[in-house]
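Worksheet for the structure shown next.
The values are calculated or read from the model by the stated rules, or taken from the named source; none is laboratory data. Just so it is clear, the model here is predicted, and its values are computed rather than measured. Counting neighbours? That spans all protein chains shown, and the Cβs are built from the backbone with ideal geometry, glycine included.
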Amino acid sequence: MKKIILAAVVFAFTTITIAQTQILTMEDAIIRQKTTLAPAKLRQLMWVKGIYNFSYVDSVNSVDALITGSAENGKQPLRIIVSLTEINTLLAQQHLNLLKQFPVIQWENASQFTFEAGKKLLVYDLKTKTITIEATRDFGENAENIDVADKTNYVAYTIKNNLFVYDGKENLIVTNDANENIVNGKSVHREEFGIVKGTFWSPKGNLLAFYRMDQTMVTDYPIIDWTVRPAKNNNIKYPMAGDTSHQVTVGVYNVSTGKTVFLKTGEPKDQYLTNIAWSPDEQTLYIAVLNREQSHLKLNSYNIVTGLFEKTVFEEKDEKYIHPTHAMMFVPKHPDQFVWQSARDGYNHLYLYDITGKLIKQLTKGNWVVTDFAGFDEKGTTAFYSANAESPITRNFYSVDLKKGNTTKITSGEGTHTALLNSKGNYIIDNFQSISVPREVTIYTSKGKKTQLLKQAENSLKDYKLGQMSLFKLKSENGDDLYCRMFKPVDFDSTKKYPVIVYLYGGPNVQLVNNTWNGGGDMWFQYMAERGFVVFTLDSRGSANRGNAFEQATFQHLGTIEMRDQLIGINYVKKLKYVDANRMGLFGWSFGGFMTSSIMTRYPDLFKAAVAGGPVIDWKYYEVMYTERYMDTPQINPKGYEESNVLNYIDNLKGKLMLIHGTADNVVAWQHSLMFLKACVDKGKQVDYFVYPGHEHNVLGKDRIHLFNKITDYFMQNL
């Protein structure tokens, strides 16, 4: 292999030196990092519907209150709309249950907002300062996946595997499948392709599209409940790579008639039905239909009255894979036009189409990606989006003129801008963070002019002794920038030698290194820096938001290209004068667990100790949708599967390795680490092992403190 020149360019660096006396506890690092130690924010910050006002919840004299202000007039003082005390007084007058905290609200118009209390949907009127009951919602204790239609307030919900609708008077039965393996109204395709729910109300709220998933043909997979006597097996349906997958259809339920029409989405039945969208006139449903190979997408339209296929609006093909995650967005005032997101030119960009399938124009272009689409102005002349045009670790907010194609940069500066657009499209609320700015909440005009600062969060860690954190980049073997994050130990002394923890993920759809507060890192990294560790992370090829060439470099060979990039970072760290190369530790979870166990067995001389959490060991045992996108099937790509199978390298294991797994993991099945453990026993290799009974893929809640104490102790003992 030819010599690789590593260029480490430090472009962001922060250190805090004043009044640092406190040391993080594990509770601080794991629990309080998301609460009291997180940068302060404005709760429920939103735009008031129909006007230029915004609202948020904050504490006033130790009582939560709803506060409003004007975007048009920054000099106009903020005012309190109503406090929690006042709301509870009104609830008591109607003999309703009191609230312990300010309720989640939704603006109906400029003078009314709704909220739920118990089983009641309540309306607060700003003019009369009264609360009225709009509806009673009694779905039973087992109701899940609640989805409310904006216009009609009809409510879709599921109980077990069936779908129901509450129309304001009664609970209507939409489906009545006795077989529990036929699931209605829930997310499908294991929540790949941006699918997070199973119901889709029409624009006027009269019709409900929903997923119906038939899993009867999928092999059962056992999840054991160890809390009962005797232990009980709860089978789930888990389609593994190359095996028979579930079959999905889409139904459309008419609330007024009580009838359901199922769309004729055709063959083959194991295709993926993704990114559902309604036409503005409610006559057509659009579905991005993807073949199982995930190489050919058709944006199809279907008649919701007959269920018949109407036409294919356009098609996309890719030799490796297509990964659609966003539905079409119709342009206001122009129901015959929509914006589509695609990476067809190598980077995710916006395209303007008409409904005949004619491409009007590509709206954005460049060697960068659109990371989020925010919407349109009310006239339908301008679209708004976030992108990383300046740097892969920076996010700014932009607009583009749909007719002329002119782009306006609304926010600026290195860091991460997350913008909330008002309904008219002339103001945004910008939430900004960087490695040196905990949080700034600012109002901008759509032309990029700052009008007022709503929140300047203090540094909630100002009293803590923290390690120096830096962001920089290295070069891959083919010249790609590889972005890195490093925490140096507290009271760093360049003449000393420090142990290292390399934290990694390295897989698709994830970006660990960002220009946000704490570098996008977890507070546990600072906790370890306080205890004398250097903590290092690198985003390798295969990770997100870098374009197709970067992300698809790992196709059919998961764990190979990523590992070569990680080795560049590891070798860079090893050569630092203040690093003890004999005390290197490695830690990753999920795909990171796969990478950790792979590096420990394929490059056994690098690390003294490692922790692999919830690791994929053999990709043949992972789910269809994810695995086949990046690896094809085991039948098509047997060499790639063998190459990535960690079991094939166990003979090489030298360092200390602890595997951790949740016994109820339904993402990376417990079987993965058990197979690894069995192979280690067979080959006489000693490993450490710890399980969390009843936990799924991640160890959450109070037990997460136990988890990180376990990981910390392992590195303290071995490094």
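Is it true that some residue in the range 566-582 is part of a loop (DSSP other than H, G, I, E, B), touching a Leu at 6+ places or on another chain (Cβ under 6 Å) and not basic (Lys, Arg)? Checked against the condition, which is being part of a loop (DSSP other than H, G, I, E, B), touching a Leu at 6+ places or on another chain (Cβ under 6 Å) and not basic (Lys, Arg), the range 566-582 yields no hits at all.
Selection within the range 582-606: residues that are touching a residue at least 60 places away in the same chain (Cβ under 8 Å) and in contact with a helix residue (DSSP H, G or I) (Cβ under 6 Å, 6 or more places away or on another chain). The member of this set that is nearest to GLY521 (Cα to Cα) is GLY588.
Determine whether the range 649-666 contains at least one residue that is in contact (Cβ under 8 Å) with a residue 60 or more places away in the chain, closer than 28 Å to VAL573 by Cβ, in contact with a helix residue (DSSP H, G or I) (Cβ under 8 Å, 6 or more places away or on another chain) and among the aromatic types (Phe, Trp, Tyr). No, the range 649-666 has no match at all. Annotation note: Cβ proximity below 7 Å between a residue of the range 325-345 that is among the acidic types (Asp, Glu) and a residue that is surrounded by 20 or more Cβ atoms within 10 Å (Cβ to Cβ) and at pLDDT 95 or above (sequence gap 6+ or interchain) occurs for no pair. With respect to (1) within 29 Å of ASN709 (Cα to Cα); (2) in a helix (DSSP H, G or I); (3) within 26 Å of the chain's Cα centre (by Cα); (4) of a type in the set (A, V, I, L, M, F, W, C), the lone exception for VAL667 is condition (2). All of VAL261, VAL218, VAL250 fail the test of being of a type in the set (A, V, I, L, M, F, W, C), free of Cβ contacts under 8 Å to residues at least 40 places away in the same chain and in the same structural domain as ILE195 (by TED's automatic domain parsing), apart from VAL218. If we keep just the residues of the range 280-289 that are in contact with a Lys or Arg (Cβ under 8 Å, 6 or more places away or on another chain) and not β-branched (Val, Ile, Thr), which is farthest from GLN247 (Cα to Cα)? Here the answer is GLU282. If you go through the range 195-216 and keep only what is surrounded by 15 or more Cβ atoms within 10 Å (Cβ to Cβ) and either among the β-branched types (Val, Ile, Thr) or farther than 20 Å from VAL305 by Cβ (or both), you end up with ILE195, LYS197, GLY198, THR199, MET213, ASP214, GLN215. Taken together, the residues in the range 138-194 that are among the β-branched types (Val, Ile, Thr) and within 27 Å of LYS49 (Cα to Cα) amount to 5. The number of residues in the range 462-479 that are part of a loop (DSSP other than H, G, I, E, B) and buried (at least 22 other Cβ atoms within 10 Å of the Cβ) comes to 2. Listed by position, the strands (runs of 3 or more DSSP E) inside the range 72-121 whose residues that are touching a residue at least 40 places away in the same chain (Cβ under 8 Å), of a type in the set (Phe, Trp, Tyr) and closer than 20 Å to ILE428 by Cα number at least 1 are 106-109. In the set LYS269, LYS237, only one residue is closer than 30 Å to MET329 by Cα and among the charged types (D, E, K, R); that residue is LYS269. Out of all the residues in the range 552-562, which are surrounded by fewer than 23 Cβ atoms within 10 Å (Cβ to Cβ) and either under 20 Å from ASP345 (Cβ atoms) or of a type outside the set (S, T, N, Q) (or both)? Across the range 552-562, the qualifying residues are GLN552, ALA553, PHE555, HIS557, ILE561.
Taken over the range 391-436, residues that are more than 25 Å from VAL339 (Cα to Cα), β-branched (Val, Ile, Thr) and more than 23 Å from the chain's Cα centre (by Cα) amount to 0.
For the range 297-346, a tally of residues being of a type outside the set (D, E, K, R), assigned to a strand (DSSP E or B) and closer than 26 Å to LYS403 by Cβ returns 15. Please tell me if ALA117 is hydrophobic (A, V, I, L, M, F, W, C) and modelled with pLDDT under 95. In short, yes.
Of all residues in the range 184-200, one or more are under 29 Å from ASN291 (Cβ atoms) and free of Cβ contacts under 8 Å to residues at least 24 places away in the same chain.
This table checks each residue for (1) of a type in the set (Phe, Trp, Tyr); (2) out of contact with any Asp or Glu (no Cβ under 6 Å at 6 or more places or on another chain); (3) loosely packed, with under 14 Cβ neighbours inside 10 Å; (4) at pLDDT below 95.
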| position | (1), (2), (3), (4) |
| --- | --- |
| PHE309 | yes, yes, no, no |
| PHE314 | yes, yes, no, no |
| ILE322 | no, no, no, no |
| PHE338 | yes, yes, no, no |
| ALA343 | no, yes, no, no |
| ILE355 | no, no, no, no |
| GLY380 | no, yes, no, no |
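Within the range 629-650, restricting attention to residues that are part of a loop (DSSP other than H, G, I, E, B) and not hydrophobic (A, V, I, L, M, F, W, C), the residue that is surrounded by the fewest Cβ atoms within 10 Å (Cβ to Cβ) is GLN635.
Taking the range 382-412 as the range and being over 19 Å from TYR427 (Cβ atoms) and among the small types (Gly, Ala, Ser) as the test, the residues that pass are ALA387, ALA389, SER391, GLY405. Name the residues in the range 469-491 that are under 28 Å from ILE23 (Cα atoms) and either under 27 Å from the mean Cα position of the chain (by Cα) or charged (D, E, K, R) (or both), would you? Listed by number, the residues that qualify are MET469, SER470, LEU471, PHE472, CYS484, ARG485, MET486, PHE487, LYS488, ASP491. In summary, THR249 fulfils each of the numbered conditions (1) surrounded by fewer than 15 Cβ atoms within 10 Å (Cβ to Cβ); (2) under 29 Å from the mean Cα position of the chain (by Cα); (3) closer than 24 Å to GLU180 by Cα with the single exception of condition (1). Of ALA612, ALA664, all but one fail to be of a type in the set (Gly, Ala, Ser), more than 30 Å from LYS320 (Cβ to Cβ) and in contact with a strand residue (DSSP E or B) (Cβ under 6 Å, 6 or more places away or on another chain); the exception is ALA664.
Could you tell me whether LEU482 is hydrophobic (A, V, I, L, M, F, W, C) and not in a strand (DSSP E or B)? Answer is no for this residue.
Here is a check on your reading of the model: is GLY266 outside the structural domain of GLN215 (by TED's automatic domain parsing), surrounded by fewer than 16 Cβ atoms within 10 Å (Cβ to Cβ) and in a loop (DSSP other than H, G, I, E, B)? No, not satisfied. Of the strands (runs of 3 or more DSSP E) lying entirely inside the range 365-407, the ones with 2 or more residues being among the β-branched types (Val, Ile, Thr) and either touching a residue at least 40 places away in the same chain (Cβ under 8 Å) or closer than 26 Å to GLN511 by Cα (or both) are found at 370-376.
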